[in-house]
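Peer 1: Have a look at the structure that comes next, please.
The values are calculated or read from the model by the stated rules, or taken from the named source; none is laboratory data. Nothing here was measured: the structure is a model prediction, and the numbers come from that model. Every residue, glycine as well, gets a Cβ built from its backbone with ideal geometry; the counts of neighbours run over all protein chains shown. Ligands, DNA and RNA are stripped out before the accessible areas are found, and what is left, the full protein with its side chains, is counted by its heavy atoms. Shrake-Rupley method; radii C 1.70, N 1.55, O 1.52, S 1.80 Å.
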Amino acid sequence: MAQKGVKVLKFGGTSMGSAEAMNQVIAIVRKPRRDARIAAVVVSAMSGVTDELIKTVHAAALADGSHKPLLKHIERRHLAAVAQLVGRKNRKKAVASVRALLEHLKEVVTGVSLIRQFSPGALDYVMSYGERLSAHVLCDALNDRGVLCEYLNARSVVITDENFGEAAVDLARTNRAIRARFKAHPKLQIVTGFIGASADKKTTTLGRGGSDYTASIFGAALGAKVIEIWTDVSGVMTADPRKVEDAKAIAEMTYQEAVEMSYFGAKVIHPPTMRPAQEKGIPIAIKNTFAPEAPGTMIARAARKTDDLVRGISSFGGIAMVQVQGGGMLRTRGASGRLFGALARARVNVLLITQASSQNSISFAVREKDVARAREAIEEEFAAERSARLIDDIGVTRGLSIIAIVGEGMRHRAGISARLFGTLGRNGVNIVAIAQGSSELNISVVVAASDETKALNAVHTGFFFPETKPIHLFLLGTGLIGSTLLSQVSRQRAVLKREQGFDIRLAGIGNSERMLFDRGDIAPEKWKERLERSKTRMNLAAFIETMKRAPLPGRVFVDCTASEEVARAYAEILAAHISVVTPNKRANSGPYSYFKKLAELAKEPGVSFLYETNACAALPIISMIDDLILSGDRITKIEGILSGTMSYIFNQFAAAKTFSESVAEAKRLGYTEPDPRDDLGGMDVARKILILARKAGFPLEFSDVKVQSLLTPKAARAKTVAGFFRELEIEDAAWERRKRAAEKRGERLRYIATLEKGKASVRIRAVALPHPFYEMSGSDNIVTISTDRYSKTPLLIQGPGAGGEVTAAGVFADILRAARDAA
């Protein structure tokens, strides 16, 4: 008669790892239950003991005495657990039970040592001691604390065949034996998991997931209300939390979903072990021993629907794709049947299959360790066809992983595949093979193993947090612009995540001396102290390689240096499917061929190369030119005061200061470079007009830009900055005469960059009203753009053109734009 209102609990792994963990198990068992009485507690061996027992047997067969310290260690662990778990009153009896088992174990192992060999049956018998010891310890500890229970050696009720190592259970006989036992023994039973016995009492083990299987068998036999599997995780997770930080527990899932996720690598519960419970419709709860209040996951026939498109994502590596192809495949009768029959006979497990519609090729995934056997089996089966060249050589691609999305909610729902493939494509993950079951319960893709973690994170975000746009920043350059950018990110990122879904994390940072990486997050507000503590010396190649290998979605490289070397690395970075954002003008003002190469690389889906701040800090000049060109307009002329530094100097000069005083004031405020000659030489402005010319469609080189330097030969040759200023003071009189001459004509001096008729120049010009450059203030930039559409009244853009805040804000905006483009 099936018992009603009972439940079966199973504890294994780290739940039985130590006395401290077993105390937690005891607390769970002792907790009062209103929903159902605990009829049985199934236990695994203490963590690691099964492996130690296997090592002990192998060591004993060597007959060199190496098994003795292994046995001693097993003895110490269990006696120590008894000492910590059982009070003095009952400890002597508990110790005696454990010692008796250990003596029997020593006798068996000694026998192995004497004959220097062991059978599969002997190995099973030795392994059984792991569960027998742990069950005795737990049973004695529970009785000591007032929980009345009995030790149940499952060998007395779980009846199997003699397939040692993975014995098949005779469920009909086993169910009768279990029911009879529980009818005669109403106390709580502490059951040894994993083990059984054949009809003639030979000890057997049940294979992978054997203790879970034991719990499922007992739960089904007793008609339990629920079977609870207690582990060290709070239920089945939406993805492997070791690889996906944002993985969350799944509240409910169906048996079939659990089977699919487990098949594709999730550590849920071994599928065959669920079968007895599944056939009886008994729910299986996955709970956390160390967080017992966590809700965990309930696996049942049906599960509540959620807003999530999929239930979970699984993955596993160590995969190889094997390709069998050839023009004669179509004419080879029964080729598919022969192929998979040969693999089955060779005991090669096929994980995934794809076949070309032409039937000229079949590809399938296997474990890498099975490749040699698979190849040998295929070559033997198709030897005649290969000799006749009807089938080509067997192709093998190693170093792969399988990622599977699983969920009942995928059935009859459009757009699931598109979202999966689109997400992988935008993150630069190449799909090697695709498979989908006719049940529409899962879609599986094969990717390079190096892309597995990145793909998992991207897909997980795409399906479980579709509104989230992950941004993982890798920043080089922590000067004014870089440090200001990080301050802005720190202040704004919580708002951006809450209101716009941007999840910004600083994954890497470097300056001229050190570099630091953290896949989780280098808190932008703490970057300075963390970078200063870093012991990793800056190495550009190593920085880029680490960034390329980082398995993170939404990677953005931010270059806040002025380095030519860094700029030369942009092509490599973009080719690795990493977006680049930079105020550094070196790349775009270098050779035109490199400018075009970067533009071509940035056309790949999910990759951006953004540099709005190359021209006028945060003013949207470059994006405006892009929009005009894309909409079919033609740029005819660009004029601009493109340097905030030069704008400030000439505005101060116009307001009665001498020229040298104006330059000195700009330097004091941080507008100029440390050596102002870098600004007064005009090269920076020349780079900017060159970039604008190229964006406008003119294939100019830097040498094509005519530049008027503001430096005299003596000022340019001065050995120090102080010497330069002395020379500049000598030139004040000449500058003053030039200014007064312009004022007499009603004009003001401006340093203007011009693009007209495909030619670019940078020079001093005197402008009068109503020219828009006449009235200027501070460090403003101003640009006018004439086009076919805007010919009579040019477009005019004006605003701050210098300063850390505005430039950093422009870089920040480009970062967010890159994330939007990749979404």
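Peer 1: Could you state, as a whole-number percent, how many of the C-alpha pairs of segment 640-704 are farther apart than 18 Å?
Peer 2: Above the 18 Å cut-off, segment 640-704 has 42 percent of its Cα pairs.
Peer 1: Let me ask another. State the extension gain, in nm to one decimal, for the chain segment bounded by ARG726 and GLU499, taking 0.36 nm per residue of separation less the distance between their alpha-carbons.
Peer 2: Result: 76.3 nm gained on full extension.
Peer 1: Then there is this: Express in nm, to one decimal, how much length is gained between GLU150 and GLU701 on full extension, taking 0.36 nm for each residue of separation and deducting their alpha carbon distance.
Peer 2: Contour length minus Cα-Cα distance gives 189.5 nm.
Peer 1: Quick check: with the 1.4 Å probe, what order do TYR790, TYR751 take by accessible area, largest first?
Peer 2: TYR790, TYR751
Peer 1: Please report the carbon-and-sulfur percent of the accessible area for the chain; probe 1.4 Å, protein heavy atoms only, DNA, RNA and ligands left out.
Peer 2: Looking at the chain in its full context, I get 51 percent from C and S.
Peer 1: A further question follows. Please figure out what share of the DSSP beta bridges in the chain is antiparallel and state it in percent, rounded to the nearest 5.
Peer 2: Just about 60 percent of them are antiparallel.
Peer 1: Now, a different point. Please report Rg over Rh for the chain, where both radii come from the alpha carbon positions and Rh follows the Kirkwood definition.
Peer 2: Reported Rg/Rh (Cα atoms, Kirkwood Rh): 1.13.
Peer 1: Go through LYS10, LYS719, LYS72 and list them by solvent-accessible area, largest first, probe radius 1.4 Å.
Peer 2: Largest accessible area first, the list is LYS719, LYS72, LYS10.
Peer 1: Which log10 I(q)/I(0) values, to two decimals, does segment 720-765 give at q = 0.14, 0.20 Å⁻¹ under the Debye formula with one point per Cα?
Peer 2: Scattering profile of segment 720-765, log10 relative to I(0): -0.54, -0.80.
Peer 1: Give me the one-decimal nm value for the distance between modelled label points at LEU796 and SER512, 7 Å along each residue's Cα-to-Cβ direction.
Peer 2: Modelled inter-label distance: 4.2 nm.
Peer 1: Can you give the % of DSSP beta bridges in segment 6-232 that are antiparallel, to the nearest 5?
Peer 2: 15 percent
Peer 1: Same structure again: Please report, in whole Å³, the volume per residue of the convex hull around the C-alpha atoms of segment 711-823.
Peer 2: That works out to 195 Å³ per residue.
Peer 1: Further, regarding this structure: Taking just the alpha carbons, could you work out the radius of gyration and Dmax for segment 72-154, both in angstroms?
Peer 2: Cα radius of gyration and Dmax of segment 72-154 are 14.2, 46 Å respectively.
Peer 1: Over segment 169-265, what per residue volume does the convex hull of the Cα atoms give, in whole Å³?
Peer 2: Dividing the Cα hull volume of segment 169-265 by its residues yields 138 Å³.
Peer 1: Continuing with the same structure: Starting from the Cα coordinates of segment 362-492, work out the convex hull volume and express it per residue in Å³.
Peer 2: Convex hull volume per residue, Cα atoms: 171 Å³.
Peer 1: For ALA168 and GLU52, what is the calculated FRET efficiency with R₀ set at 25 Å and r taken between the beta-carbons, to the nearest 0.05?
Peer 2: 0.40
Peer 1: Counting pairwise Cα distances across segment 6-232, what percent come out greater than 23 angstrom?
Peer 2: Of all Cα-Cα distances in segment 6-232, 45 percent exceed 23 Å.
Peer 1: Would you mind checking the tilt of helix 67-85 against the longest principal axis of the Cα atoms of the chain, expressed as 0 to 90 degrees and rounded to 10?
Peer 2: Helix 67-85 sits roughly 90 degrees off the main axis of the chain.
Peer 1: Okay, next question. What nm distance separates the two modelled labels at LEU669 and GLN708, each placed 7 Å from Cα along Cα→Cβ?
Peer 2: 2.3 nm
Peer 1: Can you give the translational diffusion coefficient of segment 322-435 in µm²/s, computed by Stokes-Einstein from the Kirkwood radius over Cα pairs at 10 °C and 1.306 mPa s?
Peer 2: The calculation lands on 101 µm²/s.
Peer 1: Related question: What is the calculated FRET efficiency for LEU62 to GLU107, with r their C-beta to C-beta distance and R₀ = 30 Å, to the nearest 0.05?
Peer 2: 0.95
Peer 1: Suppose the chain between ARG740 and LYS187 were pulled fully straight at 0.36 nm per residue; how much longer would it get relative to their current alpha carbon spacing?
Peer 2: Taking ARG740 through LYS187 to full extension adds about 188.2 nm, to one decimal.
Peer 1: Enumerate the whole-percent occupancy of each 5 Å bin, from 0 to the last occupied one, for all C-alpha pair distances of segment 99-253.
Peer 2: 2, 9, 14, 17, 18, 14, 12, 8, 5, 2, 0
Peer 1: Enter the accessible area per residue of segment 6-232 (Å², integer; probe 1.4 Å; all protein chains in place).
Peer 2: Each residue of segment 6-232 exposes 42 Å² on average to a 1.4 Å probe.
Peer 1: Hey, another quick one. Using only Cα atoms, figure out Rg for segment 263-373 and give it as a multiple of 2.2 N^0.38 Å.
Peer 2: 1.50
Peer 1: Would you rank HIS136, HIS412, HIS58, HIS73 by solvent-accessible area, highest first, keeping every protein chain in place and using a 1.4 Å probe?
Peer 2: HIS412, HIS58, HIS73, HIS136
Peer 1: Helix 804-822 sits at what angle to the longest principal axis of the chain, using alpha carbons and giving 0 to 90 degrees rounded to 10?
Peer 2: 50 degrees
Peer 1: For segment 540-584, run through the trypsin sites (Lys or Arg not before Pro) and keep only the ones in DSSP coil with at most 14 other Cβ atoms within 10 Å of their Cβ.
Peer 2: Of the trypsin sites (Lys or Arg not before Pro), the ones in loops of segment 540-584 whose Cβ has at most 14 other Cβ atoms within 10 Å are ARG568.
Peer 1: Taking the Cα atoms of segment 450-527, report the difference between the largest and smallest coordinate on each principal axis, in whole Å and largest first.
Peer 2: Computed over segment 450-527, the largest-to-smallest principal extents equal 39, 33, 16 Å.
Peer 1: Please list 3J(HN,Hα) in residue order for segment 577-589, calculated via the Karplus relation 6.51 cos²θ - 1.76 cosθ + 1.60 where θ = phi - 60°; whole Hz, with x for glycine and proline.
Peer 2: 6, 10, 5, 10, 10, 7, x, 6, 8, 4, 5, 6, 10
Peer 1: OK, next. Against the longest principal axis of the chain, how steep is helix 452-464, in degrees 0 to 90 to the nearest 10, with axes from Cα atoms?
Peer 2: The answer is roughly 90 degrees.
Peer 1: Can you work out the PRE-style zone for GLU604? Point 7 Å along Cα to Cβ, and I want the residues of segment 547-579 with backbone N under 14 Å.
Peer 2: 548-550, 554-557, 570-579
Peer 1: Hey, another quick one. Tell me which lysines have Cα within less than 22 Å of LYS667's Cα, excluding those fewer than 8 residues away on the same chain?
Peer 2: LYS667 reaches LYS585, LYS657, LYS688, LYS714, LYS719, LYS739.
Peer 1: Report the calculated FRET efficiency for ILE353 and ALA383 (r = Cβ-Cβ distance, R0 = 30 Å), to the nearest 0.05.
Peer 2: 0.85
Peer 1: Report the Cα centroid-to-centroid distance between segment 214-249 and segment 705-767 in angstrom, as an integer.
Peer 2: So the separation of the two Cα centres works out to 76 Å.
Peer 1: Let me ask something else about it. Enter the Cα centre distance for the pair segment 529-559 and segment 78-96, rounded to the nearest angstrom.
Peer 2: Segment 529-559 and segment 78-96 have Cα centres spaced 53 Å from each other.
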